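*Asks:* Questions regarding the structure given below will be posed in turn.
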Amino acid sequence: MRIKRRSFLAAIFKSSVVLFGAVNSIYSQALSKVDNKGERTLDQHQQATLERLFFLLYPFPSADKRVYLNVIKALQESVKRRPEKYQLVIQGLARLDTLSGKSWFTLSEEDQLGVLKKIEKEPFFVSMLAFANSHLLNDPEVWRVMGYEGSSLEKGGYKDRGFNDIDWL
Amino acid sequence: MIKKFSQDDDSVVVVVGSGAGGATLSRELSNAGIDVLCLEAGSPVERIVTDAQEMFGRLTWFDRRIGSGDLIKDFPVWSGKNVGGTTMHWTASTPRIPRAEFRPSRYFGDLKHCSIIDWPIAYDDFQPWYHKAEQQMGVSNTHGRPPLPANNHYKLLEAGARRIGLKQAHIGNMAINSVAQGGRPACIQLGFCVSGCAINAKWTAANTPIAQAMGTGHFELRSESFVLRIEHDKKGRAAQVVYVDAAGKLQKQKARVVCVAANSIDTPRILLHSDSAQFPRGLANRAGHVGKHYMKHVFSVVTAIMPKPVNFHRGTQNMGIVDDFVKGDRKRGFAGGFKFEMVSFDPESLTKFVQPGSWGRDYTDILSKYDHFAALLVMGEDPSQSENHVSLHATEKDQYGMPVPVIHYRDHENSKTMRRFGQQQAKRLYESLGSERVFIGPSPPATHNMGTCRMATKAEDGVCDAHGRSFDVPNLFISDGSQFPSSGSSNPTLTIVALALRQADYIKNQMQSRKL
């Protein structure tokens, strides 16, 4: 049994998680969205909330917005395969709204951050932080903004591409 | 023609593990006409790409291990599961253990709660083996081979060291080709050493000793073969090795000699799991030291944002060393020594060492300065403590039905003081060059694992003698870093290879004179 690297690393990242409590199955059924293929999906409100959440977790304003949409896409693929993760996500998103007293998405940035700070130790937040971390920090567009030049083999290494060009010491 | 030994062939030497120790031993013996079967838990690495996270996923030993004490519970150890073992991802740093560190009792002897013993091999007697290992690995900066060229990150480390009055910054001895040799090309500064060298400029157990053993006609490599147990005969001699094959079926292989080189977690694990009526505490464990005295080096990662770009991802990741603190000085407040070793990270890995768990704008402001980062490892000598140990979990089993290993480790007070001192010196170094911020990072998962089947002069003090031969089982050898009676302050692989070369000579002599 080959353990998937991403879920393994996410588990390590989440190693000091506070247990959230029992799942309310009726409540979660009301939140569940199933498309006409019978698969779990995230609706527009949930996606918009996630996009804002991922941006606030790792804001890279000079990166193309698609980097956050890519994380949502990956999350959608992930929750299709894993019912318990789907429940974690949709309940976590609902909790953001509950804590806000209205749609968290409509709050000011300061207030949005305030809500996030309240749930920092909870499984939903820890899981989304780990997920965003491994996806965003391996996105070539984020690399561009950070100044990481990425894969090297096909470019012949750095021997002729500035491996020793430091000039300010 | 691919060699295949019969499972009933009891004339073969069975080597468990194809890492630095197992592969070197396999090549030496098969080259001398001795039949060797190497059982390797992992698979051959098919293709290496310059993508750090992708390769981490492919090279790493992910079988469950439980960390206890000061270790990360779910991932206490970072080793490799593939043909070539941990050398597939290693940094290729190949320093020798210095003379003084062969006698740790002279400076660690008065530390409380320790189990310090000296090496049972004299430093001078061991030098020819280091020499041989350096030649076989093509170590740069030794025996006429040029050093690797200085990259930006090294120039920065060296400049900072000079600024704070240090005199022993150097490029380092690396098992990475500075010139083409051994049928492998010279380094082109890919910058992904730790992800596996895509062009094989870096020596690995797979591209050198295993490849060479294959050409002898006396060697078989059985990969995806997970060893569970070593069984012995009525005389107490190792007789056969029990393993799970690639199809998940239990297999038994007879052996004339068994050499265990499964790294310092799984070597004791196999022996503990091989208990019997004659060896109730585990095979080769009459004195009770199997699994004990686990050492991993005192580690810390210190990173800094420099005032201008460094681009530390460009080129060889770990070839800068500062040795000024290797020689111990009690006036510092601790015994023993440490070195600085340069280290670079891909973006995701960087977040594990720079304020891990952080998020938000302040954090991405830091990450957006990626190309201004510099980093180093503080790597120090770890005094052996018998309570730091590997054991079998009482109830948890892995996918093969074998008890999950538990690794318990607590820092000694000496190590805590050493680490703090090292961190402060690293901070001074970066601040001398105008760093904007310095971050003290956590200890990474242990990549240097040593001591769990240690060699000793006397049977009551260890598991094996100065040749790695078990005191209890005459045809059983320990052939990896488990043998180390002390950790020294050096990366272990060169010493593991040198020990394997020396052990191979001994085994050859013993077999030729029918004493084995």
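*Asks:* Rank A:V34, B:F484, B:Q189 by how far each Cα sits towards the positive end of the charge dipole of the protein assembly as shown (+1 on Lys, Arg Cβ; -1 on Asp, Glu Cβ) and give me just the farthest.
*Replies:* Farthest towards the positive pole: B:F484.
*Asks:* Normalising by the residue count of region B:13-512, find the relative contact order in percent from Cα pairs under 8 Å and 6+ residues apart.
*Replies:* 24 percent
*Asks:* While we're here: Please work out the Cα center distance from region B:456-478 to region A:91-131, rounded to the nearest Å.
*Replies:* 59 Å
*Asks:* Taking the Cα centre as origin and putting +1 on Lys and Arg beta-carbons and -1 on Asp and Glu beta-carbons, what dipole magnitude results for the protein assembly as shown, to the nearest 20 debye?
*Replies:* 560 debye
*Asks:* Among all the lysines, which ones have a C-alpha under 29 Å from B:K167's C-alpha, if same-chain residues fewer than 8 places away are not counted?
*Replies:* Hits, sequence-local ones excluded: A:K159, B:K132, B:K155, B:K202, B:K296, B:K308, B:K327, B:K331, B:K339, B:K416, B:K427.
*Asks:* If you take the square roots of the eigenvalues of the alpha-carbon gyration tensor of region B:334-456 and sort them as a ≥ b ≥ c, do you get rounded (a/c under 1.5), prolate (a/b over b/c) or oblate?
*Replies:* oblate
*Asks:* Taking the Cα centre of the protein assembly as shown as the origin and placing charges on Cβ (Lys, Arg +1; Asp, Glu -1), which of A:S103, B:I440, B:G333 is farthest toward the positive end of the dipole?
*Replies:* B:G333
*Asks:* Moving on to the next point. What ranking do B:M319, B:M214 get, fewest neighbouring Cβ atoms within 10 angstrom at the top?
*Replies:* In order of increasing Cβ crowding within 10 Å: B:M214, B:M319.
*Asks:* Further question: Ranked by Cβ crowding within 10 angstrom, fewest neighbours first, how are B:T267, A:T49 ordered?
*Replies:* Least crowded to most crowded, the residues run A:T49, B:T267.
*Asks:* Let me ask another. Once the convex hull of the alpha carbons of region B:13-512 is built, what does its volume come to per residue, in cubic angstrom?
*Replies:* 138 Å³
*Asks:* What is the dipole size for region A:33-169, taken about its Cα centre, with +1 at each Lys and Arg Cβ and -1 at each Asp and Glu Cβ, in debye to the nearest 20?
*Replies:* It works out to roughly 560 debye.
*Asks:* Which one of B:A394, B:S68, B:P474 has its Cα pushed farthest toward the positive end of the charge dipole of chain B, where Lys and Arg give +1 and Asp and Glu give -1 at the Cβ?
*Replies:* Of B:A394, B:S68, B:P474, it is B:P474.
*Asks:* Which ordering of B:H408, B:H297, B:H313, B:H389 is given by a fewest-first count of other beta-carbon atoms within 10 Å?
*Replies:* B:H408, B:H389, B:H297, B:H313
*Asks:* Using just the helices of chain B, give the 222 nm mean residue ellipticity in deg cm²/dmol: DSSP H runs with n ≥ 4 each add -39,500 (n - 2.57), and the total is spread over all residues, rounded to 500.
*Replies:* Helix contribution divided over all residues of chain B: -7000 deg cm²/dmol.
*Asks:* Right, next: Suppose every Lys and Arg Cβ carries +1 and every Asp and Glu Cβ carries -1, with no other charges. What dipole size does chain B come out with about its Cα centre, to the nearest 20 debye?
*Replies:* Here the size comes out at about 680 debye.
*Asks:* Find how many whole Å separate the alpha carbon centroid of region B:99-113 from the alpha carbon centroid of region B:420-449.
*Replies:* Comparing the Cα centres of region B:420-449 and region B:99-113, I get a distance of 26 Å.
*Asks:* Note down, for the protein assembly as shown, the three equivalent ellipsoid semi-axes (square root of 5 times each alpha carbon gyration tensor eigenvalue), biggest first, whole angstrom.
*Replies:* After scaling each eigenvalue by five and taking roots: 43, 31, 24 Å.
*Asks:* Here's something else I'd like to know. One quarter of the convex hull surface, Cα atoms only: what value does that give for region B:246-389 in nm²?
*Replies:* Mean projected area for region B:246-389: 15.5 nm², to one decimal.
*Asks:* Next up: Would you tally the net charge around B:S178, using a Cβ to Cβ cut-off of less than 14 Å, leaving B:S178 out, and scoring K and R as +1, D and E as -1?
*Replies:* My count for the surroundings of B:S178 gives +3.
Taken together, the values in this text are just the output of simple stated rules run on the coordinates, not laboratory data. Small disclaimer: the values here were computed from a predicted structure and weren't measured. So basically every Cβ, Gly included, is an ideal-geometry build from the backbone, and we count neighbours across all protein chains shown.
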